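The values are calculated or read from the model by the stated rules, or taken from the named source; none is laboratory data. Everything numeric here is computed off the predicted structure, so don't read it as measured data. We place every Cβ from the backbone using ideal geometry, glycine too, and count neighbours over all the protein chains shown. SASA here: full protein model, heavy atoms, side chains in, ligands and nucleic acids out. Shrake-Rupley method; radii C 1.70, N 1.55, O 1.52, S 1.80 Å.
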Amino acid sequence: MQNVCMVGHGMMGVWHSEALRKHTDAVLHTVVGRKRSPDAAAKSPTEGRKPPSTETFAEKYGYKKWTTDLGEALADPEVDIVVIAGPSETHAEMALASIDAGKHTLVEIPIAMNLEGAETVVAHAKERGLTLGVVHPMRYRQERLPIIERIRSGEERVSHAQGRFFIHRLQNVGATGLQRSWTDNLLWHHTTHLIDFSLWMLTGGDLATADDRIRSVHSVYPPLDPRTGIPMELVIVITTHDDQTIVTTGSYYSREYVYDTFVVTDRDSYRTDERRSTLSTGDGEHAIPSEQENAELIVPDFVEAVEKGREPHVPGWSVLPAMRVLHRVQEEWDAKHGKQTLPGRPVT
């Protein structure tokens, strides 16, 4: 029976905690929250709404302990597994601390806000002989697994993969409707989902071959928006040596919330609407599990991987091809606009 420490109790902390309670016999051991400044609520545009305290969250979900000190939690020899679900820019640093403490570690997407950080986390876990997983929910959708198997076996071939993420985010309010303490990043967060998914589909899950398949990466990534301090839109086009294409698009200006993927093969086409929980093929539209229902597969898989000594469904090394694509886009942007300290992105 594994003792689990949850770092962060926002939306994903909630989803992972519920999954642990419903689908595993793991012990919800410790939850780590952040220290909140007294005036945090006053600065929030969602006046009157405050996130639950760490103590309240611990009581609600049955955690044995709670703290706002990550070091204290990691020093506890009873903790076996750490789930990193804090702000994106803290993922790499927290993951390294967890691995240093000898804990098996599951990191929310993105594993890091730059390629160097991602490679460091992966190498560190390998050196310590610890299980490292990353939360890439699109790879867990069960309805995609037969397609992946057919692609891997050569029965089906992808010619095009596309992903879209559009949302209105001129204020830093997350999916919970509460003010965030951190700034989101279209390239290193939301586009990570889309690029990783597309490479996973094109390779039939054989991501060890992804880097060698890529022929070119082109991007359109505008300058900083003065209101938010970040680039607000992004287009990436990837071609492979086998004449396959990937196109991802995104915007934080959109008044409509769009989050979907579209894959064209020589056998069918597959459009997944993550918001509406539907899969459309040549046979019509089909209902699929919701985002939360799908996400509930992730932590149980990781717990089982630790117990059985196998790789999790999304091992740390497998996300590096997507991170290398993002790195190329970031390097191109830096060359045009100068390397800057963007909110949520450390300078390397």
* **M1-D211 FRET efficiency (beta carbon distance; Förster radius 41 Å; 0.05 resolution)** => 0.60
* Structure fact -> Taking N as the residue count of the range 56-155, its alpha carbon Rg divided by 2.2 N^0.38 Å gives 1.29
* Gyration tensor over alpha-carbon atoms, the range 279-319, equivalent ellipsoid semi-axes in Å -> 28, 13, 8
* Structure fact -> Residue-normalised value, i.e. accessible area per residue, for the chain at 1.4 Å probe, in Å², stands at 44 Å²
* Asked: Along the principal axes of its C-alpha atoms, what lengths does the range 187-288 span, in descending order and rounded to whole Å?
  -> 46, 35, 19
* To do: State, to one decimal in nm, how far the label point of V220 lies from the label point of K35, with both points 7 Å from Cα in the Cβ direction.
  => 4.6 nm
* Structure fact -> Each label sits 7 Å from Cα toward the beta-carbon; between A123 and K336 the label points are separated, in nm, by 3.0 nm
* **Per-q log10 I(q)/I(0), the range 108-241, q = 0.09, 0.12, 0.15 Å⁻¹ (Debye; single scatterer per alpha-carbon; no solvent)** => -0.34, -0.60, -0.92
* To do: Give, as a single signed number, the net charge of other residues whose beta carbon lies under 14 Å from the beta carbon of T249, with Lys and Arg counted +1 and Asp and Glu -1.
  => -2
* Asked: What percentages, rounded to whole numbers, describe P(r) for the chain computed over all alpha carbon pairs with 20 Å bin width beginning at zero?
  -> 30, 61, 9
* In the range 255-348, if every C-alpha pair distance is counted and binned at 10 Å from zero, what percent goes to each bin? -> 12, 23, 32, 27, 6
* Assuming R0 = 30 Å, can you tell me the calculated FRET efficiency for the pair V235 and D100, based on Cβ-Cβ distance, to the nearest 0.05? => 0.20
* Asked: How big is the equivalent ellipsoid of the range 220-270 along its three axes, where each semi-axis is √(5λ) from the Cα gyration tensor, reported in whole Å from largest to smallest?
  -> 29, 16, 4
* Structure fact -> Residue separation between S153 and Q292 times 0.36 nm, minus their alpha-carbon distance, gives in nm 47.0 nm
* Asked: Between R21 and R267, what length in nm is gained on full extension when 0.36 nm per residue of separation is reduced by their alpha carbon distance?
  -> 84.6 nm
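Quick one: what do you get for the range 102-154 if you divide its Cα Rg by 2.2 N^0.38 Å?
Ratio of Rg to 2.2 N^0.38 Å for the range 102-154: 1.43.
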* Asked: At each listed q (0.22, 0.29 Å⁻¹), what is the log10 of I(q)/I(0) that the Debye formula gives for the range 57-99 modelled as equal alpha-carbon point scatterers?
  -> -0.85, -1.22
